[in-house]
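Presented below is the structure to which this report refers.
The values are calculated or read from the model by the stated rules, or taken from the named source; none is laboratory data. Predicted model, so just to flag it, every value in this text is computed and none were measured. Here the Cβ positions follow ideal geometry from the backbone for every residue, glycine too, while neighbour counts run over all protein chains shown. We work out accessible area using only protein heavy atoms, side chains counted, and drop any ligands, DNA or RNA first. Shrake-Rupley method; radii C 1.70, N 1.55, O 1.52, S 1.80 Å.
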Amino acid sequence: MAIDTPPVPTRTDEPVLSVRDLGVDFYVDGTWYPAAADVSYDVRPGEVLAIVGESGSGKTQSSMALLGLLPPNGRARGSAKLDDRELVGMPTSRLRRIRGKEIAVIFQEPMTALNPVFTIGFQIVETLRAHFEIGPAEARERAIELLRLVDLPNPDKRVDSYPHQLSGGQRQRAMIAQALACDPKLLIADEPTTALDVTVQAEILKLMRDLRERIDAGIVLITHDMGVVADMADKIIVMKDGRIVDQGPTHDVFNNPQHPYTVKLLEAVPHLGRGAAAYAARPATTTAPVEAPAAPADGDEPLALDAKDIVIEYPGRRRTPTFRAVDGVSLQIRQGEVVGLVGESGSGKTTIGRAVVGLLPVTSGSLKIVGQDMVGASNKDLKPLRTKVGIVFQDPGSSLNPRLPIGESIAEPLLLHRGVKGQAAQREIERLLDQVRLPRAMRNRYPHELSGGQRQRVGIARSLALEPRLLVADEPTSALDVSVQAAVLDLFQELQREHGFACLFISHDLAVVEILSDRIAVMRNGRLVEVGEAAQVVHDPQDPYTQRLIAAVPVPDPEAQRERRIARDALLEAQRGELEAEEARQAADAARHDSVGIDEIDNERTHGTGV
């Protein structure tokens, strides 16, 4: 039995939310510091307003202020009206009746926003019973209905799952279900797709478009992904340093930006397919996928990476059987070549990266890194290899020692492998800081005192300290703003040309991979499904999975993205039989591993737990 929910509002020109001169300040060390100022906009029913800008621009705090969700040292001023009710300054007791019922939030990271000790069903039921007179059985029935609405597999079973038992995309769907439980008038989506694979992201965006039409809610979309903005938004607000610098209809902002910052922001966005003209003009001999490089003859310089039929397994634990994360992968990288390794979470790409640097053992097959056989190699055998292979981790904040100044972190490999210290180490630190375009004065700062982009540059400097012949870059730009990402990518290209190192660039961002890579290798479920020249893989993918992967990537152009969305729907319709078979297999896998958590194996693939 369905609960009594508010009637679906009829479309009107009257705004659901009207914000005027909104400001947010934070009290620090006796002084009020502004985080946002003079923010004004309207959101109408069925309209998507995108608020874009870099980290620290005030886009999230100005939205959280609407619901009184600022930290204790924060304050809001100005006006924000939901219909005719003033939200700024409203008592918490009244705001509590509005939160969840009339304004709902989809948070950036569902794993931290959902309560880990309660099932997702309990949390949806709690939201329903807080706002409606409804019994437990009816609320549970409604929770299952909501999970079915957001296309969560097996909703009758998943309603009793805990957050850690769901994958990232499934957790995001569960959070969306909770946010939509009361059919809110306004939905605030804070970076709802940042941590998701492109195929899951495309499904979530399609879901949000369908839900917008169903409940006619206004949506405030907070993001720095201009492809998502082009796919979803009706209007755009661009924020910088807490203020609105540009705004207007999506088509106008993309095609005729008024502020220099907006121009800079759009120019920094990687655009999948920018090499289309070059690919169209290619010689006829390059139409076929590029073959793997031939093995070097005796006396030639060895391949930087030479993998033949490698298998990597995680041993079983308790009732979990041995899991094969990488199954029969063959891949070669020449000296000076950049190969992009792409695929969804759990495809095995990070597992390969960890095996390349000796952090995971290879179960079978052959893996040679700069001539060193990795299969069965001991730590003593691998020690000389450490000077020839470097790695840039996805999160430099957690990979750098928080107790060491960055100068010492950069110099640590030099001390351990070459005994360099004193003035010689200081000169090397200065040289490396210059190379990654960081001020030398930063050598005495600690990681927490640097921005994300600066920490990533430190990670690159540290990985290059020993002049490696092979560099493994594991999602090095995934958490960066687009302008910072552009600067890091430019730096990476410059260093690669200067040093000539080979590189295995692991990412799920195909637009970034296309910019950097000579060749692209596509992984799926532990297997390599396609390898080819970068332009060929992007513009003429051969494998059906690669075709779906490319089609799911949003591009920062509203007209082009609309055409891509139509083409993707047509492609999925054509491949529907294969997709249904795959979903059935995934459902069977999910049922098989319910007792230990559906996402445990994916975590092992990505992070190497259980080894």
Using R₀ = 25 Å, calculate the FRET efficiency as 1/(1 + (r/R₀)^6) where r is the Cβ-Cβ separation of residue 416 and residue 395; round to 0.05. 0.65
Rounded to the nearest 10 Å², the accessible area of residue 33 using a 1.4 Å probe with every protein chain kept is 120
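Looking only at the chain, where both bridge partners belong to it, what percent of the DSSP beta bridges are antiparallel (to the nearest 5)?
Working: 47 of 83 bridges.
Taking every DSSP beta bridge with both residues in the chain, the antiparallel ones total about 55 percent.
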Positive-end residue, the chain charge dipole about Cα centroid, Cβ charges, pick of 188, 311, 143: 311
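Output needed for the chain: three equivalent-ellipsoid semi-axes, defined as square roots of 5 times the C-alpha gyration tensor eigenvalues, in descending order, whole Å.
Working: eigenvalues 354, 174, 121 Å².
Those come to 42, 30, 25 Å.
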Can you give the local net charge around residue 416? Use residues other than it whose beta-carbon is closer than 11 angstrom to its beta-carbon, Lys and Arg +1, Asp and Glu -1. +3
Projected onto the charge dipole of segment 71-159 (unit charges on the beta-carbon of Lys, Arg, Asp and Glu, signs +1, +1, -1, -1), the Cα from 87, 131, 110 with the largest positive-side position is that of 87
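Rank these residues by their accessible area, most exposed first, probe 1.4 Å: 253, 420. Please report the intermediate quantities before stating the final value.
Values: 253 5, 420 35 Å².
In descending accessible area the options line up as 420, 253.
Net charge near residue 40: determine it from the other residues with C-beta under 12 Å of the C-beta of residue 40, scoring Lys and Arg +1 and Asp and Glu -1.
Residues close to residue 40 contribute a combined charge of 0.
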Suppose the chain between residue 126 and residue 497 were pulled fully straight at 0.36 nm per residue; how much longer would it get relative to their current alpha carbon spacing? 127.9 nm
Check the straight Cα-Cα distances from residue 308 and name the lysines below 29 Å, setting aside those fewer than 8 residues away within the same chain. 349, 368, 380, 383, 388
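In nm, what is the difference between 0.36 nm times the number of residues separating residue 404 and residue 444 and their Cα-Cα distance?
Working: separation 40, 0.36 × 40 = 14.40 nm, distance 0.88 nm.
In short, 13.5 nm is gained.
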So, with +1 on the Cβ of K and R and -1 on the Cβ of D and E, and no other charges, what is the size of the charge dipole of the chain about its Cα centre, to the nearest 20 debye? 1580
When all protein chains stay in place, what accessible area (Å², nearest 10, 1.4 Å probe) is found for residue 119? 30
430, 213, ranked by accessible area, largest first (probe 1.4 Å): 213, 430
Would you report the distance distribution of C-alpha pairs in segment 401-516 as whole percents per 10 angstrom bin, up to the bin with the largest distance? 13, 46, 34, 7, 0
At 1.4 Å probe size, with the rest of the protein present, what percent of the exposed accessible area of the chain is carbon and sulfur atoms? 49
Round to the nearest 10 and give me the degree value, 0 to 90, for the angle of helix 168-179's Cα axis relative to the longest principal axis of the chain. 10
Ordered by residue, what ³J(HN,Hα) values in Hz, to whole numbers, does segment 24-29 give under the Karplus form 6.51 cos²θ - 1.76 cosθ + 1.60, where θ = phi - 60° and Gly and Pro are x? 10, 10, 10, 8, 9, 6
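Where in segment 69-147 are there GluC sites (Glu not before Pro) that are in a DSSP coil and have at most 10 other Cβ atoms within 10 angstrom of their Cβ? Numbers along the way, then the final one.
Numbers: sites: 86, 102, 126, 133, 138, 141, 145; in loops: 102, 133.
For GluC sites (Glu not before Pro) across segment 69-147 that sit outside H, G, I, E and B with at most 10 neighbouring Cβ atoms in 10 Å, the list reads 133.
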More than 13 Å apart - percent of Cα-Cα pairs taken over segment 209-259: 62
Can you tell me the orientation of helix 576-592 relative to the chain, as the angle in degrees between its alpha-carbon axis and the longest Cα principal axis, to the nearest 10? 90
Modelled label reach - residue 560, point 7 Å along Cα→Cβ, segment 487-522 residues with backbone N closer than 14 Å: 510-512, 514-515
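So, R0 is 51 Å and r is the distance between the beta-carbons of residue 75 and residue 137; what FRET efficiency does that work out to, to 0.05?
On the way: r = 43 Å, r/R0 = 0.85.
With R0 = 51 Å, the Cβ-Cβ based efficiency is 0.75.
When the helices in the chain are scored as -39500 (n - 2.57) per DSSP H run of 4 or longer and the sum is shared across all residues, what 222 nm value do you end up with, to the nearest 500 deg cm²/dmol? List each step's numbers first, then the result.
Values: 25 runs with 241 residues, N = 611.
After summing the helix terms and dividing by residue count, I get -11500 deg cm²/dmol.
Using only Cα atoms, what Kirkwood radius does segment 454-568 have, in angstroms? Each step should come with its number before you reach the end.
On the way: mean 1/r = 0.0641 Å⁻¹.
Roughly 15.6 Å, rounded to one decimal.
Beta carbons within 10 angstrom, averaged per residue: use that to sort the peptides 264-272, 565-573, highest first.
Values: 264-272: 19.4, 565-573: 13.8.
Taking the mean over residues of other Cβ atoms within 10 Å, the ranking is 264-272, 565-573.
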Using θ = phi - 60° and Karplus 6.51 cos²θ - 1.76 cosθ + 1.60, couplings along segment 494-501 (whole Hz; Gly, Pro as x): 5, 5, 5, 5, 6, 8, x, 6
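Suppose R0 equals 35 Å. What FRET efficiency, 1/(1 + (r/R0)^6) with r the Cβ-Cβ distance, do residue 581 and residue 478 give to the nearest 0.05?
Working: r = 31 Å, r/R0 = 0.87.
Efficiency, rounded to the nearest 0.05: 0.70.
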For segment 61-201, I need the span (max minus min coordinate) of the C-alpha atoms along each principal axis, in Å, sorted largest to smallest. 45, 37, 26
Charge tally in the Cβ shell below 14 Å around residue 439, where Lys, Arg are +1 and Asp, Glu are -1, residue 439 excluded: +3
Calculate the spin-label point distance for residue 263 paired with residue 214, positioning each point 7 Å from the Cα along the beta-carbon direction, and give it in nanometres. 4.4
Which of the listed residues, 438, 219, 507, is farthest toward the dipole's positive end in the chain, when Lys, Arg count +1 and Asp, Glu count -1 at the beta-carbon? 438
Write down the radius of gyration of segment 29-113 and its Dmax, each obtained from C-alpha positions, in Å. 13.6, 43
Once both labels are modelled 7 Å past Cα along the beta-carbon direction, what's the residue 373-residue 96 spacing in nm? 6.9
Rounding to the nearest 10 and keeping the result within 0 to 90°, find how far the Cα-based axis of helix 136-149 lies from the longest principal axis of the chain. 50
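With a 1.4 Å probe and all protein chains left in place, how much accessible area per residue does the chain have, in Å²?
That works out to 44 Å² per residue.
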